[in-house]
Amino acid sequence: SKKGGRNQLSFFDPSMQQSVIKRATLDAELHRALERQEFRLHYQIQVDAWRQPIGAEALIRWYHPELGTVSPAEFIPLAEETGLILPIGQWVLKTACQQLQAWQDKPHTRNLVLAVNISAKQIRQKNFSTMVLALLEKYQVTPHLLKLEITESVLLDDVEDTIKTMLSLNSIGIRFSMDDFGAGYSSLQYLKRLPLEQLKIDRSFVQDLENNSSDRTIVRTIITMAQSLNIDVIAEGVENEAQRELLQNKGCIHYQGYLFGKPVDIEQFNRFLE
Ligand code: C2E
Ligand code: CA
Ligand code: CA
Ligand code: CA
């Protein structure tokens, strides 16, 4: 509202006040969420051109007894600011490794690759690779079944250290995927120095693929570039057959999106695979 005139940004802007309160509440609640075991992982299937499952992405969910389900889009950025992303991220990795251990024991799930989202702050931790290795060892997980999804934001600070961490993890077989590719700060200069197995085309380029010719050009360019760098491509947010077909015609044969399955809890996911 303009009522405040020059004092528009006063504390009395009701909408702003509400968001400050909400933030403070969220932050306090987020601190307790780990001890209260309010987090869960959901799993979204990734498929190949024959719609065969090749893996899944782990996506965190927060079930708060009073606030209800809080979207990761809401609490992950806050957790990144406050540093809580470190213990949360550790919990996600541990839970993912436990899941991989369980899948490894069954013939129809033993080859599934699990992709885990890693925040820039997490990968910059001094002991990040040691921590990941310890988890793989503890749960007896083959390293090549774990894929770490990073975003272009890792290129903003301490790039050299991040590259070292990635190279050391990659040398033991852990794979990396560049998430939300094309949506953020891209530097093709760095791209060639990172041990990337995969680029994930951002949903923003996929959602309008049928109608938007610039999106089609961008997608084709990403795929061509990835192919020449020998990097795999997966598209996220694939919701319909027309999008899938356009992607396939351009050479992208790995997909993730509602067309194949929404993120679901582990019971539903395992049932779906049977
Ligand atoms: P993201 O990594 O880009 O994950 C993909 C998001 O797109 C997920 O939202 C997923 O549910 C949604 N999605 C998948 N397929 C479709 C589709 O066909 N159509 C549409 N409209 N959406 C689709 P979600 O689960 O709400 O996660 C939001 C973001 O939160 C993630 O984006 C990621 O950046 C972050 N996040 C989630 N889990 C974690 C985690 O464990 N650690 C970290 N650091 N970040 C996480
Ligand atoms: Ca992701
Ligand atoms: Ca993504
Ligand atoms: Ca995205």
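So that you can scan it fast, the table gives a plain yes or no per residue for (1) touching a strand residue (DSSP E or B) at 6+ places or on another chain (Cβ under 7 Å); (2) within 16 Å of ligand 3 (Cβ to nearest atom):
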| position | (1), (2) |
| --- | --- |
| Q198 | yes, yes |
| D202 | yes, yes |
| Q207 | no, yes |
| T221 | no, no |
| N230 | no, no |
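Test Q140 against the criterion of being over 17 Å from the mean Cα position of the chain (by Cα), away from ligand 2 (no atom under 16 Å from the Cβ) and in a loop (DSSP other than H, G, I, E, B), and give yes or no. Considered against the rule, which asks whether it is over 17 Å from the mean Cα position of the chain (by Cα), away from ligand 2 (no atom under 16 Å from the Cβ) and in a loop (DSSP other than H, G, I, E, B), Q140 comes out as yes. Screening the stretch 53-135 for strands (runs of 3 or more DSSP E) wholly inside it with 2 or more residues that are buried (at least 20 other Cβ atoms within 10 Å of the Cβ) returns the ranges 53-64, 113-117. Residues considered: V132, V47. Of these, the only one that is among the β-branched types (V, I, T) and farther than 25 Å from F260 by Cβ is V132. Of all residue pairs spaced 6 or more apart or on separate chains, those with beta-carbon atoms under 9 Å, a first member in the stretch 234-256 that is free of Cβ contacts under 8 Å to residues at least 40 places away in the same chain and surrounded by 23 or more Cβ atoms within 10 Å (Cβ to Cβ) and a second member that is assigned to a helix (DSSP H, G or I) and aromatic (F, W, Y) are A235/F205. Quick one: which of G173, G182 is at positive phi and either more than 16 Å from ligand 1 (Cβ to nearest atom) or in contact with a Gly (Cβ under 8 Å, 6 or more places away or on another chain) (or both)? Only one candidate passes the filter, namely G173.
Residue by residue, here is whether (1) loosely packed, with under 10 Cβ neighbours inside 10 Å; (2) modelled with pLDDT under 85; (3) in a strand (DSSP E or B); (4) touching an Asp or Glu at 6+ places or on another chain (Cβ under 6 Å) holds:
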site	(1), (2), (3), (4)
K2	yes, yes, no, no
R6	yes, yes, no, no
F11	yes, yes, no, no
M16	no, yes, no, no
V20	no, yes, no, no
E29	no, no, no, no
R36	no, no, no, no
R40	no, no, yes, no
A49	no, no, no, no
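Would you call E239 at pLDDT 95 or above, within 17 Å of S177 (Cβ to Cβ) and within 16 Å of ligand 3 (Cβ to nearest atom)? When the stated conditions are applied, E239 does not pass them.
Filter the stretch 204-219 down to the residues that are surrounded by 16 or more Cβ atoms within 10 Å (Cβ to Cβ) and either charged (D, E, K, R) or away from ligand 4 (no atom under 16 Å from the Cβ) (or both) and list them by number. Result: D215, R216. If you go through the stretch 160-211 and keep only what is of a type in the set (G, A, S) and either in contact with a helix residue (DSSP H, G or I) (Cβ under 7 Å, 6 or more places away or on another chain) or without any contact (Cβ under 8 Å) to a residue 40 or more places away in the chain (or both), you end up with S168, S171, G173, G182, A183, G184, S186, S187, S204.
The values are calculated or read from the model by the stated rules, or taken from the named source; none is laboratory data. These numbers come from a predicted model, not from an experiment. Every residue, glycine as well, gets a Cβ built from its backbone with ideal geometry; the counts of neighbours run over all protein chains shown.
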